[in-house]
Structures are given as structure tokens and as C-alpha cells.
Amino acid sequence: MSALSQAASNEAPLLELREVHAGYGHIHALKGVSLDVRPGEIVTLIGSNGAGKSTVLRCISGLLAPRSGVIRLRGMEIQGRQAHEVAALGIGHAPEGRRIFPKLTVDENLDIGAYLERDPAVIAARKQEVFMLFPRLAERRRQDGGTLSGGEQQMLAIGRALMQNPALLLLDEPTLGLAPVLVDTLFDTLKLLHAAGKTILLVEQNAWHALRLAQRAYVLETGRITHQGSAAVIADTPDVKRAYLGGD
Amino acid sequence: MTPGWIIALIAAAGAGFGLALIAAPRSAWPLLGVFGALFACLSVRGWKPARFAIALALLLVVIPAAGVQNNFLFELVTQMGIFAAMALGLNIVVGMAGLLDLGYAAFFAVGAYTWAIFGSAQAAQFMSGDFPLAGWPYFYIFSALAVIAAALLGTLIGLPALRLRGDYLAIVTLGLGQVVRVLANNLDQPVNITNGPQGITPIERPPIGWLESLMGALGIDGGPALGYALFFYLLVLAVIGVVVLVNVRLDRSRFGRAWVAIREDEIAARAMGISPTRTKLQAFATGAAFSGVMGAIFSAKQLFVSPESFTLLQSITILAMVILGGMGSIRGAIIGAMAVTLLNIEVLKSFSDFLARLRQTGFVLDLGVVSFNFANLSDQVEPAKYERMIFGIILILMMIFRPSGLIPEARHRLEEGEQTEQMKATPAGKRRAP
């Protein structure tokens with residue numbers, strides 16, 4: 001089950017998951033998930049509702065402790081660590097459901113994103129970058145997060161995660177509930193992030209978009225990886241086409 | 001921004017009621033007017049230096065000038081100040097960090113006993129040395145120790161309690177708060193540390209020769225009772241000043257933001273690198289510290305402490321102040337403390353007296369259809385006795401009509417109930433198992 005067999009590059013992975021099992025109570029959500037994310041790439045994890053995609057991200061960011069298996073960041077084992085420790089190691093998680101702070105302003109939301117950074121100059125510079133990426137947030141910086149539209153809240157959730165300046169950005173269903181035109185804009189922004197050298201693990205239901213953006217992809221079905229490889233190849237796999245791309 | 005004429009109106013009202021209070025220091029109406037002006041200074045927005053100047057004039061000129069003629073005024077305002085500092089402390093825990101603490105009086109008790117034991121002959125019961133510790137530095141040293149002791153107890157109670165959320169945390173803090181009171185009640189055996197239910201008295205007060213000579217120079221002669229009333233008034237004002245300053249700084253700091261983040265969404269906060277346990281402990285300890293210093297001042301002011309002063313009702317009263325004023329709001333906590341104290345020791349009592357006078361004079365209220373002779377009013381009708389009921393009614397009315405308090409937290413501009421679709425859609429079931 002070596003994930004390296006299909007690797008296009010020999011570069012050491014930034015993130016490795018090996019045989020990760022996890023669950024909630026009696027539910028066995030992940031049944032041995034292994035995957036790699038190498039520096040600078042966008043990897044997408046696609047699958048249907050309830051396949052366990054969000055659980056994978058929650059295990060990586062420490063919001064859920066895996067039952068077994070190994071998670072390595074830059075070769076260091078991080079499974080079972082507390083979420084705030086993992087965040088300090090350089091993983092930014094824009095969690096499922098955005099989870100912005102609705103009663104805090106856009107500015108305050110972003111400031112909390114930079115909680116681990118103490119230098120005000122660095123925080124200000126990062127905020128400028130976020131505003132360059134999402135000019136709408138700059139317009140609404142004094143507004144409460146809860147008053148933003150769905151698309152703006154999603155921008156805020158991503159912007160807040162970027163304020164951590166993470167080595168690896170975990171995005172959980174960023175397009176959920178967005179109008180199609182906003183979905184396109186959002187994917188354009190992700191492209192910009194990729195061009196800027198960010199490493200992203202993207203969980204998406206919108207497989208068509210995700211597979212066009214990502215370099216590599218994993219397909220998750222009921223807690224197991226069923227397909228993996230370059231995004232273009234995955235997009236051409238008959239099973240995947242039938243199940244996720246609405247093809248024949 | 002408030003129009004200038006409103007500020008002018010407040011200034012005029014403050015001056016008018018202030019002069020009236022100095023002229024008639026024992027009547028209730030000018031007093032209520034002065035507090036009304038103080039409330040107004042705290043509640044309107046804008047014109048900060050002007051509002052600040054009015055409030056300072058009322059606190060540093062009007063109230064002392066009237067107070068030297070009527071000790072009770074100092075007593076009332078000092079009481080308000082003690083509660084305001086505690087409300088500010090609890091506001092950090094409940095308002096900012098969102099941790100419902102029903103045992104807050106325990107920290108007040110620890111602060112009070114810290115000075116009571118060493119500032120009286122009590123300490124000689126279990127250790128050798130020359131007690132009470134009189135002389136000027138001791139009270140201040142032990143006030144600082146009270147801060148540390150209360151913060152330590154906060155951390156100690158917090159360590160197990162903060163693993164719990166919401167209602168469970170409330171129940172555990174309620175229980176641990178009672179443990180402190182029960183300990184104070186029973187630690188007279190085998191070694192007599194707290195003197196049990198009899199309490200500790202007399203407790204030393206710091207010497208105030210400087211203040212008495214200052215009063216003498218100003219031609220004020222009221223003896224040590226008045227001197228101490230003025231001293232504790234000024235001391236509490238000074239401590240409140242520090243507490244407010246610390247609160248404001250914290251509110252805008254990383255700490256304040258982390259507290260609010262934990263309150264708003266613990267999962268998101270953790271993903272941002274905020275350690276929930278450490279953040280909550282910091283909030284608990286900071287809140288406890290404010291209560292601790294006021295405990296030490298309280299014990300010196302009262303000359304007496306006993307476990308009876310630190311009941312559950314005490315904790316609930318402080319919580320009521322925070323809720324009434326507006327959770328998470330600094331000005332709200334102060335206003336809540338002033339309003340509740342005023343209601344407790346002034347308004348309800350005055351109203352009771354008023355009814356008693358009507359009863360005695362046989363006043364007849366004639367409304368045409370019905371008429372009522374106050375001489376027939378039962379002796380049982382005495383608002384001062386209904387304190388808790390009136391409290392309850394006020395809190396219920398607040399929850400219905402102004403759920404975020406008199407002065408809502410600036411961050412709570414979002415209308416109640418106007419939560420976003422996304423918040424409702426967030427799956428609550430997918431929480432990390434405890």
C-alpha cells in the first residue's frame with residue numbers, strides 16, 4: 001500500500017498519513033487512510049457525503065484523536081496532539097461550516113487567526129496579504145462576521161486560516177452553499193494561493209472543480225481510499241466519472 | 001456620538017443634584033439624582049473627556065463633600081465599589097470567556113480571610129508570632145497576597161472544573177464555592193484557623209494618620225469613624241480605577257481576544273492555536289484576583305468576617321449584576337453593580353419607609369372607582385423584605401426585553417436571534433468526545 005509508488009516526485013512529503021483509523025463512538029469513520037501531501041502542491045480529497053473527508057482533516061489538525069495510525073508533519077509524528085499544538089506546528093484548518101466568530105468584526109476574526117504571532121508588524125503584513133486576496137474583506141473589516149454573506153464568510157474563514165501563515169492549509173468544503181459564480185471566484189483565488197507556493201489539502205464535494213485545480217487526488221469511500229493518483233488520471237477513471245462527475 | 005446638549009444636560013443635572021446633595025446629605029432624591037448622572041456618564045457614548053470630567057467631579061468632590069456630613073453615603077458608595085470590582089472580575093469569567101461560575105464568592109472569601117487571619121489575633125491560634133500585624137505596610141502586603149491566594153485558588157478550582165462545559169461547569173463551581181464556605185465554617189478544629197462560624201473580629205485597619213491630619217487641615221472633624229469611611233471610599237475608588245484599567249487593556253489584548261474566541265467557538269479557537277485549558281484558567285485566575293483584593297479590603301472595612309458573608313446568594317447577586325449590566329461589557333458591569341447595590345440598600349429601604357409613613361398618616365389613595373386607605377396596608381408589605389423577589393422579577397424582565405443587558409457588549413451589535421444560517425447548520429454532534 002505504498003503511496004510512493006505513484007509519486008511523480010521524490011520530494012519528501014510535508015504531510016503523511018499512514019493507516020489512520022478514527023471514529024466517533026460506535027461509528028468507525030476512517031478504516032485505514034494513507035495519503036501524502038508534498039510541499040507546494042494542492043491535493044484534493046473527494047468523496048460523497050459521510051465518506052469521512054472531514055474526519056480526515058479533523059484527525060490531521062488534532063480536533064479528533066485517531067484511534068490508530070500515524071500522522072507525520074515534516075517527518076514528525078503529530079497524531080493525537082491537541083489542536084492548538086498542531087496549529088503551532090504550522091497547520092491551518094478552515095473547518096467544516098466555516099466557524100467564523102459571528103459576533104466579532106472581520107478585523108477581530110483575522111486577528112484571532114494570527115493568535116500565535118506576537119509581532120504586530122507581521123500581523124499587519126499578513127492582513128494586507130489577505131485583503132489583497134479578498135478585497136471584499138477589506139471593505140467589510142469593521143462589520144460583524146455574522147452579517148457577511150455566505151461567500152464572504154467563506155473568504156473570512158480562509159483568510160483567518162491564512163493569518164496563521166500555515167505551512168499546510170486544510171480547506172473543508174469551501175464551496176458548500178456558494179452560488180456558482182462565487183465557486184469560480186473562489187477556485188481562482190485558490191489558484192493564486194497555489195501560485196504563491198502554498199500547500200493545500202482540499203476536501204470537496206464539487207469534484208469537477210477540485211480535480212481541475214489539484215495536482216493529485218484521493219477518492220474516499222466509506223472510510224477507505226479507493227483511488228489515488230494525479231488529478232487528471234483520477235478525473236478520467238470510469239468509476240470516478242460515474243460516481244462524482246455525472247459522467248457515463 | 002451623543003449630541004453636545006445631552007452632555008451639557010448631564011453636567012447640569014450632576015451639578016444641580018450635587019449641590020442639593022451637599023446641602024441635604026440625608027435626603028434620598030438628590031442622592032438618586034447624583035447616581036442618575038453617574039449612570040448617564042457611563043451609558044452614553046462619545047465626548048469621553050467631558051463625561052470623564054463630570055464623573056470625576058461627582059466622585060471626588062460631590063460625594064466626599066456630602067459624605068463628610070453623612071457617613072452612610074461613603075458606606076453606600078464603598079459597597080458599590082466593592083461589588084463593582086467583583087462584577088468586573090466575574091465579567092471576565094462569565095462575560096468574556098463565557099464560563100458560568102456560580103462559586104465566585106469563594107475567591108472573595110479567600111481574600112477576606114487572608115487579611116482577617118493575620119490582621120487579627122486569630123493567627124496566634126496556630127502559629128507563633130506577634131499578631132495582629134498592625135502598622136502600615138502589612139495591610140497592603142496582605143492585600144497583594146490576597147490577590148495571589150485568590151488567583152491560586154482560581155487555578156486550583158479551575159483545573160478540574162474547566163474540563164466541563166456549560167451547565168456542568170456551573171454545577172461544579174457552585175459546589176466548589178460551597179466547599180470554601182464550609183471549610184471556613186469548620187476549620188476551627190483540630191487547628192483553629194478560621195474560628196469557625198463565630199467568625200473573626202476585630203480585624204486591624206491600616207493607620208490613616210495622614211488622612212486625619214489632612215481632614216483636620218481642611219477643618220473637617222468627624223473622628224476616626226468618618227476618617228475610615230473616607231479612607232475606604234478613596235481606597236476602593238483607586239482599586240476600581242486600576243481594575244477598570246486592567247480590564248480595558250485585557251479587553252483589547254491577545255488574552256481578551258482569546259477569551260472571546262473560546263466563548264464564541266471553542267473548536268475554531270483551537271484550530272487557531274488557542275489552548276482552551278490555559279485560556280480558561282487565565283480567565284478564571286484573573287477574575288478571582290479582582291475578587292481577592294476586594295475581599296481583603298472588605299474584611300478591614302467591616303472589622304469582621306464570618307462564613308455567612310460568602311453564601312451562594314452572594315455569588316448569585318454578583319452574577320445578577322453582570323447580567324443586568326450586560327455580559328462582556330465593562331461599563332455594564334459597573335452600572336449593574338451600582339444599580340443592584342442601590343436597589344438593595346437604598347431604594348427598597350426608602351420605599352419601605354415611604355409606605356410606612358403613608359400607613360402611619362392614614363393616607364387615602366382615591367381613584368374615584370376605588371379608594372384605598374394606607375392605614376389598612378398590612379405590616380407585611382415591606383419592599384425591603386422582598387429583595388430577592390424583586391431581583392427575580394427584574395432579571396426575568398431583563399431576559400425578555402433586554403437580553404444582552406443595560407449596556408450590551410460592544411461586540412454584541414448583532415441582533416439577538418439573527419444568527420447566520422451557517423451557525424444553525426453547524427453540526428453540533430461532531431464534537432470531540434470528552
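The values are calculated or read from the model by the stated rules, or taken from the named source; none is laboratory data. Owing to the predicted nature of the structure, the values given are computational and were not obtained by experimental measurement. Don't worry about glycine lacking a Cβ; one is built from the backbone with ideal geometry, like all the others, and counts go over all protein chains shown. Just so you know, the surface numbers come from the protein's heavy atoms only, side chains and all, with ligands and any DNA or RNA stripped out. Shrake-Rupley method; radii C 1.70, N 1.55, O 1.52, S 1.80 Å.
Show the residue pairs meeting these rules: Cβ distance below 6 Å; 6+ apart or different chains; first residue within segment B:261-278 and within 7 Å of chain A (Cβ to nearest Cβ) and more than 16 Å from residue A:110 (Cα to Cα); second residue open to solvent by 10 Å² or more (accessible area, probe 1.4 Å) and in a helix (DSSP H, G or I).
B:275/A:84
Test of understanding: among A:62, A:47, which residue is open to solvent by less than 50 Å² (accessible area, probe 1.4 Å), away from every other protein chain (no Cβ under 12 Å) and either closer than 29 Å to residue A:242 by Cβ or out of contact with any Pro (no Cβ under 7 Å at 6 or more places or on another chain) (or both)?
Every option except A:47 fails the conditions.
For residue A:196, work out the one condition from (1) of a type outside the set (Val, Ile, Thr); (2) closer than 16 Å to residue A:126 by Cα; (3) surrounded by 16 or more Cβ atoms within 10 Å (Cβ to Cβ) it doesn't fulfil.
(3)
Say whether the condition of being of a type in the set (A, V, I, L, M), at the interface with chain B (Cβ under 10 Å from one of its Cβ atoms) and assigned to a loop (DSSP other than H, G, I, E, B) is met by at least one residue in segment A:66-84.
no
For residues that are open to solvent by 10 Å² or more (accessible area, probe 1.4 Å) and of a type in the set (A, V, I, L, M), scanning just segment B:58-93, find the one that is nearest to residue B:316 (Cα to Cα).
B:77
Which ones in segment A:180-199 are at positive phi and without any contact (Cβ under 8 Å) to a residue 40 or more places away in the chain?
Those that are at positive phi and without any contact (Cβ under 8 Å) to a residue 40 or more places away in the chain: none in segment A:180-199.
I need the full set of residues from segment B:165-184 which are touching a helix residue (DSSP H, G or I) at 6+ places or on another chain (Cβ under 6 Å) and open to solvent by 20 Å² or more (accessible area, probe 1.4 Å), in order please.
B:172, B:176, B:180, B:181, listed by residue number.
Residues of segment A:85-96 being without any contact (Cβ under 8 Å) to a residue 40 or more places away in the chain and either in contact with a Phe, Trp or Tyr (Cβ under 7 Å, 6 or more places away or on another chain) or at the interface with another protein chain (Cβ under 7 Å from one of its Cβ atoms) (or both), which ones?
Hit for segment A:85-96 is A:88, nothing else.
Residue by residue, here is whether (1) in the same structural domain as residue B:313 (by TED's automatic domain parsing); (2) at pLDDT 80 or above; (3) within 22 Å of residue B:245 (Cα to Cα); (4) open to solvent by less than 30 Å² (accessible area, probe 1.4 Å) holds:
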{"residue": "B:325", "(1), (2), (3), (4)": "yes, yes, yes, yes"}
{"residue": "B:331", "(1), (2), (3), (4)": "yes, yes, yes, no"}
{"residue": "B:340", "(1), (2), (3), (4)": "yes, yes, no, yes"}
{"residue": "B:345", "(1), (2), (3), (4)": "yes, no, no, no"}
{"residue": "B:368", "(1), (2), (3), (4)": "yes, no, no, no"}
{"residue": "B:400", "(1), (2), (3), (4)": "yes, yes, no, no"}
{"residue": "B:403", "(1), (2), (3), (4)": "yes, yes, no, no"}
{"residue": "B:409", "(1), (2), (3), (4)": "yes, no, yes, yes"}
{"residue": "B:412", "(1), (2), (3), (4)": "yes, no, yes, no"}
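Can you go through A:182, A:137 and tell me which one is surrounded by 22 or more Cβ atoms within 10 Å (Cβ to Cβ) and more than 9 Å from chain B (Cβ to nearest Cβ)?
Unique residue meeting the criteria: A:137.
Which condition breaks for residue B:149 when tested against (1) touching a Pro at 6+ places or on another chain (Cβ under 9 Å); (2) in a helix (DSSP H, G or I); (3) in contact (Cβ under 8 Å) with a residue 12 or more places away in the chain?
Going through the list (1) touching a Pro at 6+ places or on another chain (Cβ under 9 Å); (2) in a helix (DSSP H, G or I); (3) in contact (Cβ under 8 Å) with a residue 12 or more places away in the chain, residue B:149 breaks only (1).
If you check A:147, A:105, A:175, which single one turns out to be touching a Lys or Arg at 6+ places or on another chain (Cβ under 7 Å) and either crowded, with 18+ Cβ neighbours inside 10 Å or at pLDDT 90 or above (or both)?
Testing whether each residue is touching a Lys or Arg at 6+ places or on another chain (Cβ under 7 Å) and either crowded, with 18+ Cβ neighbours inside 10 Å or at pLDDT 90 or above (or both) leaves just A:105.
Among the candidates B:350, B:299, B:315, which residue alone is of a type in the set (S, T, N, Q) and farther than 30 Å from residue B:44 by Cα?
Every option except B:299 fails the conditions.
Among the helices (runs of 4 or more DSSP H) contained in segment B:195-302, which hold 1 or more residues that are open to solvent by less than 20 Å² (accessible area, probe 1.4 Å) and polar (S, T, N, Q)?
Numbers: elements: B:209-217, B:223-251, B:254-264, B:266-271, B:276-302.
Correct list: B:223-251, B:276-302.
Considering only helices (runs of 4 or more DSSP H) fully contained in segment B:1-92, which possess at least 2 residues that are in contact (Cβ under 8 Å) with a residue 12 or more places away in the chain and under 22 Å from residue B:327 (Cα atoms)?
So the answer is B:28-43, B:71-90.
Select from segment B:347-366 the residues that are within 33 Å of the chain's Cα centre (by Cα), of a type outside the set (A, V, I, L, M) and either farther than 30 Å from residue B:404 by Cα or not assigned by TED's automatic domain parsing to the domain that holds residue B:87 (or both) and list them in ascending order.
Within segment B:347-366, B:352, B:353, B:354, B:357 qualify.
Answer yes or no as to whether residue B:343 is free of Cβ contacts under 8 Å to residues at least 60 places away in the same chain, under 30 Å from residue B:182 (Cα atoms) and not polar (S, T, N, Q).
yes
For segment B:185-194, which positions are surrounded by fewer than 16 Cβ atoms within 10 Å (Cβ to Cβ) and of a type in the set (A, V, I, L, M, F, W, C)?
Answer for segment B:185-194, where residues must be surrounded by fewer than 16 Cβ atoms within 10 Å (Cβ to Cβ) and of a type in the set (A, V, I, L, M, F, W, C): just B:191.
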